[in-house]
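K.L.:
What follows is a structure written as structure tokens; I'll ask about it next.
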Amino acid sequence: MTHAQAGHNVPLSQEVFPIAYQRGPSGMGPRNARRPSRGSAAPMRPVAWLIGVLGELLVTAGLVLGLFVVWQLWWTDVEGARAQSEIIAEMDWESAPQAQAPAAATENHGPPPVMEEPLEAGGLFAQMYVPRFGDDYIKPVAEGTDKATVLDTIGIGHYVDTAMPGALGNFALAAHRTTYGKPFNQIAELKDGDALVVRTKDTWYVYKVTESKIVYPQNVEVIAPVPGVTSDQPMPEPTKRFITLTSCHPMFSATERYIVHGELEYWSPVGEGKPKELMG
């Protein structure tokens, strides 16, 4: 944020009138002049005092607000990104066989293995890679979407009772678009066909983006087992394996939600190598 500076012409604080002089015993001097007594000062008027105090309070409030904005928009992002990197390191999945396998993983299109949904809120169970977001993009995924315990501290949260990775239905996720590491900061840059890669400890799941849209927060049908089916409609049995990313829209606002849908393209065991989408 920049601050404009403007110069000001400072007028005299009061008008200057000509003073009549006459010769007195000690020489020239103003007629009827009085010598001010030492130590005396004009009392401050209550209104002027009040304006001064109010001005100081406004300056202090502005400083506090500015520091809060810096903390909210910058420092929480720094801390969040650091914490998410530490979580990935603590998961210690880089030592899995896939890290040493140069070959691209085999693409399996049959039913994939599906893990049980964690019972504990905040339980870590996956990592997410999005090539569109950069070669070094990797974020932890945890159970639940509570702001304080998951989104602000871990990164990406899984909507409870939605499908798990690779399962029939809708694997639905939420994350911040700004602040706290902003895992979905670039969500609006995703294009149809982009890869959304989810890894559990033993399995890669490669989804491809199929649709992006903007909805209101009450449009919860976007995370339904079959996206788009509302609560007043009969829910058909899911026959596809969906993924849905949700984040606030527009930037720095929560009035709407930015939604990205995708479908599972293939899966692969971790031990066979990395998906080709992550090999550069």
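The values are calculated or read from the model by the stated rules, or taken from the named source; none is laboratory data. If you're wondering where the values come from, they're calculated on a predicted model, not measured in any experiment. Cβ sites come from the backbone with ideal geometry, for glycine too, and all protein chains shown count toward neighbours.
K.L.:
Among the residues of region 116-132, are any over 22 Å from residue 182 (Cα atoms), touching a Gly at 6+ places or on another chain (Cβ under 8 Å) and either modelled with pLDDT of 90 or more or not charged (D, E, K, R) (or both)?
P.N.:
Just the residues of region 116-132 that are over 22 Å from residue 182 (Cα atoms), to begin with: 116-120.
If we keep only those that are touching a Gly at 6+ places or on another chain (Cβ under 8 Å) too, we end up with none.
No; the residues of region 116-132 include none that is over 22 Å from residue 182 (Cα atoms), touching a Gly at 6+ places or on another chain (Cβ under 8 Å) and either modelled with pLDDT of 90 or more or not charged (D, E, K, R) (or both).
K.L.:
If residue 243 passes every condition in (1) surrounded by 15 or more Cβ atoms within 10 Å (Cβ to Cβ); (2) within 25 Å of the chain's Cα centre (by Cα); (3) part of a loop (DSSP other than H, G, I, E, B) but one, which one does it miss?
P.N.:
(3)
K.L.:
Follow-up. Please go through region 119-136 and pick out each residue that is in a strand (DSSP E or B) and touching a Ser or Thr at 6+ places or on another chain (Cβ under 6 Å). Before you say what the answer is, go through the steps one by one.
P.N.:
Just the residues of region 119-136 that are in a strand (DSSP E or B), to begin with: 124-129.
The one that is in a strand (DSSP E or B) and touching a Ser or Thr at 6+ places or on another chain (Cβ under 6 Å): 126.
K.L.:
Just to check your reading of the model, which residue among 226, 222, 215, 206 is touching a residue at least 12 places away in the same chain (Cβ under 8 Å) and over 26 Å from residue 126 (Cα atoms)? Break it down stepwise before answering.
P.N.:
On the way: 226 fails: over 26 Å from residue 126 (Cα atoms); 222 fails: over 26 Å from residue 126 (Cα atoms); 206 fails: over 26 Å from residue 126 (Cα atoms).
Answer to the selection: 215.
K.L.:
I'd like to know if region 172-195 contains one or more residues that are touching a Phe, Trp or Tyr at 6+ places or on another chain (Cβ under 8 Å), over 29 Å from residue 79 (Cβ atoms) and of a type outside the set (Gly, Ala, Ser).
P.N.:
No, region 172-195 has no match at all.
K.L.:
Within region 268-280, is there a residue that is in a strand (DSSP E or B) and surrounded by fewer than 20 Cβ atoms within 10 Å (Cβ to Cβ)? Quick ask: steps written out before the conclusion?
P.N.:
Taking region 268-280 and keeping what is in a strand (DSSP E or B), we get 268-269, 274.
Now restrict to residues that are surrounded by fewer than 20 Cβ atoms within 10 Å (Cβ to Cβ): 269.
Among the residues of region 268-280, at least one is in a strand (DSSP E or B) and surrounded by fewer than 20 Cβ atoms within 10 Å (Cβ to Cβ), which makes the answer yes.
K.L.:
Determine whether residue 80 is assigned to a helix (DSSP H, G or I) and at pLDDT 60 or above. Write out each step before concluding.
P.N.:
Details: assigned to a helix (DSSP H, G or I): yes; at pLDDT 60 or above: yes.
For residue 80, the condition - assigned to a helix (DSSP H, G or I) and at pLDDT 60 or above - is met.
K.L.:
When you scan region 220-236, do you find a residue that is under 22 Å from the mean Cα position of the chain (by Cα), in a loop (DSSP other than H, G, I, E, B) and closer than 21 Å to residue 155 by Cα, even just one? Working first, answer last.
P.N.:
Within region 220-236, the first condition is being under 22 Å from the mean Cα position of the chain (by Cα), and the residues that meet it are 220, 222-223.
From the residues that got through so far, the ones that are in a loop (DSSP other than H, G, I, E, B) too are none.
No: zero hits.
K.L.:
Give the residues of region 246-267 that are hydrophobic (A, V, I, L, M, F, W, C), part of a loop (DSSP other than H, G, I, E, B) and surrounded by 12 or more Cβ atoms within 10 Å (Cβ to Cβ), sorted by residue number. If you could, list the steps in order and put the result at the bottom.
P.N.:
Step one: list which residues in region 246-267 are hydrophobic (A, V, I, L, M, F, W, C), which gives 248, 251-252, 254, 259-260, 264, 267.
Applying the additional criterion that residues be part of a loop (DSSP other than H, G, I, E, B) yields 251-252, 254.
Result: 251, single match.
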